Amino acid sequence: MKYFQKDEQANIINTTVTLRVQILKDKFNQSLGLPFKELLQESAIKQAISELKIKYKKRLFDPVVTLWAFLSQVLDTDKTCHNAVSKIIAPKSRIRGRSSVNRYKRILSS
């Protein structure tokens, strides 16, 4: 009988974890911008890049933004690159105005 109770408890824990993960994924999918920006600090990513001595060329999006966008893309129901880039551009359009968004679109389409 004790074995059954342990198995039942394990099922309850697995169900609870699964539900929490789904709630987290839903929250990320509904958020604008890059939700991992709040969870994965820029300083931690830059420290890892520095410690691993990773070299990269300056591009439109640096490795930090690219990582945040990639993680968002993996968890999103719409896994397209277009959607991931939109999440990068969305906060910038609120801050810098519409002309900034058009500039990013022109760069990305070329």
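Readers should treat all values here as calculations from the given coordinates under stated rules, not as data from a laboratory. In this text, all values refer to a predicted model and were calculated from it rather than measured experimentally. Counting neighbours? That spans all protein chains shown, and the Cβs are built from the backbone with ideal geometry, glycine included.
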Please indicate, with yes or no, whether at least one residue in the stretch 32-50 is over 18 Å from Val21 (Cα atoms), charged (D, E, K, R) and free of Cβ contacts under 8 Å to residues at least 12 places away in the same chain.
-> no
Selection count, the stretch 51-74, where residues are in contact (Cβ under 8 Å) with a residue 40 or more places away in the chain and either on the phi > 0 side of the Ramachandran plot or surrounded by fewer than 16 Cβ atoms within 10 Å (Cβ to Cβ) (or both) | 1
